[in-house]
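The values are calculated or read from the model by the stated rules, or taken from the named source; none is laboratory data. The structure displayed is predicted, hence computed values, not measured ones. Don't worry about glycine lacking a Cβ; one is built from the backbone with ideal geometry, like all the others, and counts go over all protein chains shown. Accessible surface is based on the protein model in full, side chains and every heavy atom, while ligands, DNA and RNA are left aside. Shrake-Rupley method; radii C 1.70, N 1.55, O 1.52, S 1.80 Å.
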Amino acid sequence: MTQRKFGKSTIARYLLPVYLAIAMIVPALLTAQDKTADNTNMEILREKMRADKKLLVAANMVLTDTEATAFWPVYEEYQKQLEQLNERLKTAIETYAKEFNANTLTDETAKKLIDETLTIDAAEVQMRKDFSGKLAEVLPGKKVARYLQLENKVRAALRYELAAQIPLVE
């Protein structure tokens, strides 16, 4: 058996479209003017990101038929809950963008945004804990770890792009 090494893999190939989609979404959030067109474009990008992410997971999980049958419903449930957290984060970013662009961000609003983003982060950690147990019921431990690593890489890419696009508080 050959030993796999860290390095270039299918992960990089599948993350590139996710990076690109994120790079297009964040500026739209920060400068949105035409809400109808932006909402349509955002939904198209979200669908593309979902499909690309699912391809990334499928290409890297190497599931048996039995594992796949049990895994994909848990994956879909996880994605639904993650989408709810993403919507909350989007709302916080939009609030910040509106205040930042109008130069009206107050200490009180900044504190509320901090509290909300920390609450979102804590909810995401709790969700990962909950789902690691659900995943462990349908997959061997190493495959659970692999899936959580994939999720972590995608989330890290998202956070990186967000950090690069969102200006510091003034």
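Observations
- Leading residue at positive end of dipole, region 48-170 (Cβ point charges), from Ala145, Leu158, Val74: Ala145
- Per residue, region 94-170 exposes 63 Å² of solvent-accessible protein surface, assessed with a 1.4 angstrom probe and all protein chains in place.
- A full extension of the chain between Glu87 and Asp107 corresponds to an added length of 4.9 nm, given 0.36 nm per residue minus the alpha carbon distance.
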